[in-house]
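So the structure is just underneath, and the comments pick up after that.
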Amino acid sequence: MPKSFVAKHIEKLPFAGIRRVFEKAAKFEAAGNKVIHFEIGRPDFDTPVHIKDAAKDALDRGMVHYAPNMGILSLRENLSDNIEELKGVRYNPQTELLITAGGQEAMCLCLQAILDPGDEILVPNPGFSQFFSCTELAGGIPVSMPLVANENFFPDLDKVKELVSSRTKAIIINSPHNPTGGVYTMTQMEQICGFAKEHDLIVFSDDAYDRILYEGKKFISSASLPDMKDRTIIWGSLSKTYAMTGWRIGYLAGPEEFIRAAVKVQQNIMLSVCTFAQAGAAFGLKAPQDLVDEMVAEFDIRRKFILDAINEIPGLNCPTEPLGAFYVFFKHEVPGLNSMAVADAMLEKAGVAVVPGTAFGDKGEGFLRISYSTSLEDCREGMDRINQVMSDLING
Ligand SMILES: Cc1ncc(COP(=O)(O)O)c(C=O)c1O
């Protein structure tokens, strides 16, 4: 009998809940059914042509070799300007920025660089599931920080205080938030930053949706609040902003000492990120941003449509209006059925793929997530189908 191929800590790592939905939906589709895809968390738009052209041009100019570990300088410089404009805080492109393969790698590198075995991180629940698994992969302990649905999915900080121990190293902020679309108010951001200072915690700010806000909401960066830049690390991404999920471009922004440590991890993981993709991204950051605004305006039409539809369907309601990202996280009330069972019924009875709230932690029980990164036509058809399933489920 050969030795085990799987390390014990990997065996324990859960398979991402959202992937299970993809797989079920793919099987259902392969059997000849039409599926409305409300499960996919990526913009359905194409990457803007000027970004693609810049990458093609970079290829033609021979940008086919390794990039520096930290990323090409022009991207770091343009990113630095872009962050300053959006977040009101300046990062030195030479020392305080590191280009990563998406926000996902940013998160992973950061946790590997910062955590010693047994260090604890306060993780929003519900929250992006990789916050939990990447912490575990890095030898840390994710400590679930429940969010309060009726309070704009903000944590009850009096209760979070009880979760802080001598091993708590950081707290994760993700505003706009996946899966709820929640956006913290300035007061909430001040409160959570005050909490981080009081308990001497680092703030990990996941800014994946920093350009996708509605109703005139402005992005608020924890790093821009007084005395916060030195204790904030940003996990950033160009994936959602420029419909570039397949390009794999993200970044880490933080204090020089941290970036130096993260570069050492990068040298052992990716070495560097795809060079011509970085050239395209650098161009995208400097070019006019009208296409981003147009994409967000289109998302907003779909957001309003889905919210109105949810409010009219018996057994569904949305406790907090989502003001960012492209998700609606809503409650279902079907006696005797949990989120997984309701999500399964929507797929099996009506061919609509939604994600059960429990894919984002146990506090997501009772909720479903819809991603409206699909056409308005599909949103219409999907909500009609959901209406039908809900009345069948409720009326038995
Ligand atoms: C909150 C959040 N962070 C990070 C990511 C990772 O995105 P990417 O690696 O494409 O930048 C995602 C992707 O869905 C996300 O929702």
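When each of the peptides 123-130, 261-268 is scored by how many other beta carbons lie within 10 Å of its residues on average, the order from highest to lowest is 123-130, 261-268. A simple count of charges around Phe326, restricted to other residues whose Cβ falls under 11 Å of its Cβ and scoring Lys, Arg +1 and Asp, Glu -1, yields +2. The length gained on full extension between Lys331 and Glu29, counted as 0.36 nm times the residue separation minus their Cα-Cα distance, comes to 106.1 nm.
Under a 5 Å amide H cut-off, with hydrogens placed 1.01 Å from N, Gly41 pairs with nothing among residues at least 5 apart or on other chains.
Per residue, the stretch 65-286 exposes 37 Å² of solvent-accessible protein surface, assessed with a 1.4 angstrom probe and all protein chains in place.
Apolar share of the accessible surface for the stretch 65-286: 50 percent from carbon plus sulfur atoms, 1.4 Å probe. The residues packed around Ala106, meaning those with a beta-carbon under 14 Å from its beta-carbon, carry a net charge of -2 if Lys and Arg are +1 and Asp and Glu are -1. Across the stretch 65-286 the C-alpha pair distances fall into 10 Å bins from zero in the proportions 8, 37, 38, 15, 2, 0 percent.
Computed from Cα atoms, the angle from the helix 275-286 axis to the main principal axis of the chain rounds to 80 degrees. Excluding Met270 itself, calculate the net charge of residues whose Cβ lies under 13 Å from the Cβ of Met270, where each Lys or Arg counts +1 and each Asp or Glu counts -1. Charge balance near Met270 sits at +1.
For every helix of n ≥ 4 consecutive DSSP H residues, a contribution of -39,500 (n - 2.57) applies; sum these over the chain, divide by its total residues, and give [θ] at 222 nm rounded to the nearest 500 deg cm²/dmol.
Result for the chain: -13000 deg cm²/dmol, rounded to the nearest 500.
Per-residue packing, averaged as other Cβ atoms within 10 Å, sorts the ranges 252-258, 376-382 into the order 252-258, 376-382, beginning with the highest. The C-alpha radius of gyration of the chain, expressed as a fraction of 2.2 N^0.38 Å, stands at 0.98. Taking the alpha-carbon centroid of each part, what is the distance from the stretch 288-359 to the stretch 43-58 in angstrom? Going from one Cα centre to the other spans 29 Å.
Rounded to two decimals, the Cα-based Rg/Rh of the stretch 80-132, with Kirkwood Rh, is 1.04. Listed peptides 363-375, 146-158 appear in the order 363-375, 146-158 once ranked by packing, highest mean of other Cβ atoms within 10 Å at the front. Specify the angular offset, from 0 to 90 degrees and rounded to the nearest 10, of the alpha carbon long axis of helix 73-87 from the longest principal axis of the alpha carbons in the chain. That works out to roughly 60 degrees. Our estimate of slack between Asn395 and Asp293, defined as 0.36 nm per intervening residue step minus the Cα-Cα distance, is 32.5 nm. Just the number: Rg to Rh for the stretch 155-290, Cα atoms, Kirkwood Rh, two decimals. Result for the stretch 155-290 is an Rg/Rh of 0.99.
Taking 7 Å steps out from each Cα toward its Cβ at Lys264 and Asp200 produces label points 2.2 nm apart. In this simple spin-label approximation, Lys8 and Leu376 carry label points 7 Å from Cα along the Cα→Cβ vector, and these lie 5.7 nm apart.
The values are calculated or read from the model by the stated rules, or taken from the named source; none is laboratory data. This one's a predicted model, so the numbers in the text were calculated from it and none came from an experiment. Cβ atoms come from the backbone with ideal geometry, glycine included; neighbour counts cover every protein chain shown. These accessible areas exclude ligands, DNA and RNA; they are computed on the full protein's heavy atoms, side chains included. Shrake-Rupley method; radii C 1.70, N 1.55, O 1.52, S 1.80 Å.
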